[in-house]
Amino acid sequence: MRYPTVSAAPAHRADMHRCAALLARHLRRIGLDSVAVRPGRVAPLVTGEWMRRPGAPVVLVYGHYDVQPAGPRTAWTTEPFRPVVRDGYVHARGASDDKGQLVAQLAAIEAWSASGGPPVNVRVVLDGEEEIGSPTLRHDLRRRPRHLSADLAVVSDTRMRDPHTPVLVTGLRGSLAVRIEATGPATDLHAGAFGGAVAEPARALCALVASLHRPDGRIAIDGFHDGVRPLRPAARARLARDGPTDRQLLAPAGVPFGHGEPGHSAFERATVRPALVVTALRAAARSAIPRRATAELSIRLVPGQRPDSVVRALRGHLAEHIPYRVRGRLTVLAACPPYALDLGGPEVAAACRAAAPVFGRAPLLLPSGGSIPFVSDLAATTGVQTLLLGFGLPDDGIHAPNERFALARLHRGTDTCVRLHAELGRL
């Protein structure tokens, strides 16, 4: 965690390489073979394997060592990249997403190595580009390289419902990141000399962004919901029974009331319904009319939706709603499809058996609203399923100041991963 491995910041390229070298040394120390630091488009990929069980399943353990930017230092009570253990938690950027959870997976492999090796064959892939969409790994998948060949994948990069209730994630939403640009004058203009006489890109963009939702929170783009299937009553009843209440889900956000698509709980809106979120608005020009304004959108997709279809719907909306005398352009920044776990596979029962003795109960089977592009592409490209068994909590503060991860969950996560290898070895 002492390495500021921010993949989105070119200034941290050297830090990414130093951390990759450290991880490679660690993989060798815990007994893995064929350890390699593979070049990536932005950051290295670290791989290793333990392939000494003829006939046993090949399990791909995936995690990422890159992190989101720390943001303003004044928002943190401690240095973001100097881990501090306080009150049973490790506080640092990446503590929960995903360095702490990754350590649990590697500690389980180390424990098995100390007693003769895992009962399954293991391939480890540590991604330095997950927070920017895993461009290197997703490109590699199309070539079916040996280091990504497996019967099953295991990932710890998700959250439990509460400290005592593990969750096996049944699906991830897909993601689509786009930038909308509005341009007008040939240059920035003095607000006093031209104010009221020209169309303003910033105001036009604000109107366009406001048009994306109806006042009640429903997405107002024609064709956006094409392919979205309504939730069955039994599925809604299970989500209401096992998922968090609105109050529980909203508590880490510090807001008393939710907002969004009417007729659905906050948990449904955040996991099994599509969403469109404005993540950035930019139009800085100081006492002038900016010639250009941009907005960035993060769109989450559910089964039945295709990124390309949603992009077409967005382009149609843009053409219809961009104000006269302002030019609009939409650029796709990243996209990945949704992922759904096959609940009928024996691996699901194995994961439940592994977690039950550690937590005193089997994990709940619940969807996640997040996206892990590599997991989605792995299933779409190779058909390999992923067990998403994570040990984070909603209040860990991932992507926010003062991120943390409980040492107790690190230990229980390690124990669960040790048992998971044993259960998968029996399949």
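Computed from the coordinates by the stated procedures, all read-outs in this text should not be read as laboratory data. In this text, all values refer to a predicted model and were calculated from it rather than measured experimentally. Here the Cβ positions follow ideal geometry from the backbone for every residue, glycine too, while neighbour counts run over all protein chains shown.
Ordered by the number of other Cβ atoms lying within 10 Å of each residue's own Cβ, fewest first, F257, F267 fall into the sequence F257, F267.
Shape of the range 39-154 from the C-alpha gyration tensor: oblate (a/c of 1.5 or more and a/b not above b/c, with a ≥ b ≥ c the square roots of its eigenvalues).
Expressed as a rounded percentage, what relative contact order does the chain have, with Cα pairs under 8 Å and six or more residues apart? Computed over the chain, the figure is 26 percent. Report, in order of residue number, the helices in the chain meeting two criteria: a C-alpha extent of 18 Å or more along the helix axis, and a mean Kyte-Doolittle hydropathy of at least 1.6; treat each whole DSSP H run as one helix. Long hydrophobic helices here: none detected.
At a Förster radius of 51 Å, what calculated FRET efficiency corresponds to the Cβ-Cβ distance of R282 and R144, to the nearest 0.05? For R0 = 51 Å, the calculated efficiency reads 0.80.
Shape of the range 122-256 from the C-alpha gyration tensor: oblate (a/c of 1.5 or more and a/b not above b/c, with a ≥ b ≥ c the square roots of its eigenvalues). Does the chain come out rounded, prolate or oblate by the C-alpha gyration tensor, with a ≥ b ≥ c the root eigenvalues, rounded set by a/c under 1.5 and, if not, prolate when a/b is larger than b/c and oblate if not? The shape class here is prolate. Each Cα pair under 8 Å and six or more residues apart adds its separation to the average, and for the range 102-187 the resulting relative contact order is 20 percent. Going by neighbour counts of Cβ atoms within 10 Å, the residues T279, T47 line up, fewest first, as T279, T47. Rounded to the nearest 20 debye, the dipole magnitude of the chain is 340 debye, with +1 charges on Lys and Arg beta carbons, -1 on Asp and Glu beta carbons, and the Cα centre as origin.
Contact order, relative form, for the range 195-264: 35 percent (alpha carbon pairs under 8 Å, 6 or more residues apart, mean separation divided by residue count). Per-residue packing, averaged as other Cβ atoms within 10 Å, sorts the ranges 114-127, 217-230, 333-346 into the order 114-127, 333-346, 217-230, beginning with the highest.
Taking 7 Å steps out from each Cα toward its Cβ at R214 and V228 produces label points 1.1 nm apart. Within the shell defined by Cβ-Cβ distances under 10 Å, the residues around I289 carry a net charge of 0, with Lys and Arg each +1 and Asp and Glu each -1.
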